[in-house]
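**Q** Below is one structure. I have some questions about it.
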Amino acid sequence: MMQSDSTCEPTTRAREFPFAELSARDGRFRKLYSRYQLGPLPSSDIRSEDVQQVLEQLVEVSRNSGSKWPLSVREVGRSFEGRTIQLASIGRGDCHVLLWTQMHGDESTHTSVAFALLNTLVRAPESLDGDGQLLDRCTLHVLPMLNPDGAQRQTRENAQDLDINRDAVALDTPEGNVLRNVVRELRPAFGFNLHNQRADKKVEGSDRVAILSVLAPPLDEADRETPSILRARQLALEMFACGERFLPGHSTRYEAGYMPTAFGEWVQAQGTSTVLLEAGGWVDDAPGTREELHYVTLLTALAAICEGELAGVDAGAYLSLPLNQ
């Protein structure tokens with residue numbers, strides 16, 4: 001496959017952080033979540049067979065709707081214990097975007113969020129931007145539950161007792177090979193590495209719980225700034241700002257150094273502007289839910305990519321974001 005158009009940004013108007021003009025759209029996206037979330041199964045109870053069932057149902061809905069953006073699903077590999085790993089794709093744009101969830105088997109929030117996201121795109125694609133052009137400009141690919149054996153056990157590691165997210169170089173896990181092969185085939189312009197962090201993580205210098213954390217993984221120890229890295233930082237800022245609009249003072253930049261064996265760094269090195277998104281703890285009296293926040297955040301990020309909003313974000317502000325501790 002040819003390299004995606006990694007710019008995906010036709011406009012350059014300057015924007016002022018935290019992009020308050022998007023508040024109305026935040027509200028609209030929250031209403032979409034209330035309508036298209038898939039429940040009532042808690043995200044921590046989702047297993048491989050549930051993923052297969054949901055994807056089959058969404059393909060059937062898409063087929064019966066006659067949408068011009070049909071959802072396709074295909075097997076792209078198997079886990080160590082033989083469980084199916086599937087890739088769901090929707091859209092027909094040249095800008096390819098890849099999301100992968102549950103690389104760690106006990107980090108399930110974004111698998112549930114991915115279901116809601118795909119359900120929205122299948123059932124109401126025009127509701128995102130009014131005319132569905134988002135899916136004309138972009139093609140979204142989702143690897144839900146990359147570690148189905150770990151999900152079955154509710155462990156971070158896979159059935160080999162290996163951390164898939166430290167297997168980008170050795171490639172000792174079949175699941176790591178699946179992700180590597182998908183990235184090499186699609187050559188996406190943007191990548192989302194979706195995780196859960198410990199619920200007791202706090203915002204630097206405060207007692208506030210970190211509910212959302214972002215990281216643009218570095219290319220090397222020197223953290224070189226390339227066009228791809230700068231786009232990743234712009235995307236991270238877009239997502240951080242969404243968290244700030246949702247619940248001010250509870251979002252952070254994820255504190256992590258360069259990890260050469262991690263997949264975030266490896267995908268970043270392929271020229272894919274990659275962002276790590278961590279779902280953290282929650283505030284009891286906060287509006288909505290953790291899943292709702294991360295659904296709105298991912299929809300906002302996808303819209304920013306496909307509607308050309310990233311180019312107006314000052315990437316330099318990324319390094320000034322508060323860290324988690």
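**Q** Just to check your reading of the model, which residue among A159, A168 is surrounded by 20 or more Cβ atoms within 10 Å (Cβ to Cβ), part of a loop (DSSP other than H, G, I, E, B) and more than 21 Å from the chain's Cα centre (by Cα)?
**A** Going through A159, A168 in turn, just one is surrounded by 20 or more Cβ atoms within 10 Å (Cβ to Cβ), part of a loop (DSSP other than H, G, I, E, B) and more than 21 Å from the chain's Cα centre (by Cα): A159.
**Q** Just need a number here: residues in region 257-290 that are part of a loop (DSSP other than H, G, I, E, B) and buried (at least 20 other Cβ atoms within 10 Å of the Cβ).
**A** Step one: of region 257-290, the residues part of a loop (DSSP other than H, G, I, E, B) are 257-262, 270-272, 280-289.
Now narrow it down to the ones that are buried (at least 20 other Cβ atoms within 10 Å of the Cβ): 262, 272, 280.
Count: 3.
**Q** Within region 19-48, restricting attention to residues that are in a helix (DSSP H, G or I) and in contact with a Pro (Cβ under 9 Å, 6 or more places away or on another chain), which residue is nearest to R153 (Cα to Cα)?
**A** S48
**Q** Would region 70-84 turn up any residue that is assigned to a helix (DSSP H, G or I) and touching a residue at least 12 places away in the same chain (Cβ under 8 Å)?
**A** Among the residues of region 70-84, not one is assigned to a helix (DSSP H, G or I) and touching a residue at least 12 places away in the same chain (Cβ under 8 Å), which makes the answer no.
**Q** Please determine, by comparing only the residues of region 182-216 that are under 19 Å from A256 (Cα atoms) and among the charged types (D, E, K, R), which one is surrounded by the most Cβ atoms within 10 Å (Cβ to Cβ).
**A** K201
**Q** Still on this structure: Which of (1) modelled with pLDDT under 95; (2) buried (at least 24 other Cβ atoms within 10 Å of the Cβ); (3) under 14 Å from the mean Cα position of the chain (by Cα) does A303 not meet, given it meets every other one?
**A** (2)
**Q** Applying the selection to region 222-256, what residues are out of contact with any strand residue (DSSP E or B) (no Cβ under 7 Å at 6 or more places or on another chain) and either assigned to a loop (DSSP other than H, G, I, E, B) or among the polar types (S, T, N, Q) (or both)?
**A** Scanning region 222-256 gives A222, D223, R224, E225, T226, Q234, L247, P248.
**Q** Further question: Go through V97, V51 for me and flag whichever is touching a strand residue (DSSP E or B) at 6+ places or on another chain (Cβ under 6 Å) and of a type in the set (V, I, T).
**A** V97
**Q** Let me ask something else. Are there any pairs, at least 6 apart or on different chains, whose C-beta atoms fall under 9 Å, with the first in region 42-58 and on the phi > 0 side of the Ramachandran plot and at pLDDT 95 or above and the second part of a helix (DSSP H, G or I) and polar (S, T, N, Q), and if so, which?
**A** Within 9 Å, no pair qualifies.
**Q** Which pairs turn up if I take residues in region 118-139 that are farther than 16 Å from Y295 by Cβ and look for partners that are at pLDDT below 90 and part of a helix (DSSP H, G or I) with beta carbon separation below 6 Å, at least 6 apart in sequence or on another chain?
**A** Here the result reads G132/E126, each pair linking region 118-139 to a residue that is at pLDDT below 90 and part of a helix (DSSP H, G or I).
**Q** Right, something else. For the condition hydroxyl-bearing (S, T, Y), in contact with a Leu (Cβ under 6 Å, 6 or more places away or on another chain) and within 16 Å of L319 (Cβ to Cβ), what is the one hit in Y254, Y258?
**A** Unique residue meeting the criteria: Y254.
**Q** Looking at D45 and the list (1) within 23 Å of D106 (Cα to Cα); (2) surrounded by 13 or more Cβ atoms within 10 Å (Cβ to Cβ), which single condition is not satisfied?
**A** Status for D45: all satisfied but (2).
**Q** With D163, D167, D207, D200 as the choices, which residue is of a type in the set (D, E, K, R), free of Cβ contacts under 8 Å to residues at least 12 places away in the same chain and either closer than 21 Å to G105 by Cβ or out of contact with any His (no Cβ under 6 Å at 6 or more places or on another chain) (or both)?
**A** The match here is D207.
**Q** Just to be sure I understand, how many residues within region 65-80 are surrounded by 14 or more Cβ atoms within 10 Å (Cβ to Cβ) and either in contact with a strand residue (DSSP E or B) (Cβ under 8 Å, 6 or more places away or on another chain) or modelled with pLDDT of 95 or more (or both)?
**A** Count: 9.
**Q** Would you mention how many residues in region 241-250 are crowded, with 17+ Cβ neighbours inside 10 Å and without any contact (Cβ under 8 Å) to a residue 60 or more places away in the chain?
**A** Matching residues across region 241-250 total 3.
**Q** Does L146 satisfy being in contact with a Phe, Trp or Tyr (Cβ under 7 Å, 6 or more places away or on another chain), part of a loop (DSSP other than H, G, I, E, B), of a type outside the set (K, R) and touching a residue at least 24 places away in the same chain (Cβ under 8 Å)?
**A** Against the criterion (in contact with a Phe, Trp or Tyr (Cβ under 7 Å, 6 or more places away or on another chain), part of a loop (DSSP other than H, G, I, E, B), of a type outside the set (K, R) and touching a residue at least 24 places away in the same chain (Cβ under 8 Å)), L146 qualifies.
**Q** Going through region 306-325 one residue at a time, which ones are more than 24 Å from G280 (Cβ to Cβ), small (G, A, S) and crowded, with 16+ Cβ neighbours inside 10 Å?
**A** Answer for region 306-325, where residues must be more than 24 Å from G280 (Cβ to Cβ), small (G, A, S) and crowded, with 16+ Cβ neighbours inside 10 Å: G308, A311, G312.
The values are calculated or read from the model by the stated rules, or taken from the named source; none is laboratory data. For clarity, every value in this text was computed on a predicted model and none was experimentally measured. Positions of Cβ are generated from backbone atoms using ideal geometry, with glycine treated the same way; all protein chains shown enter the neighbour counts.
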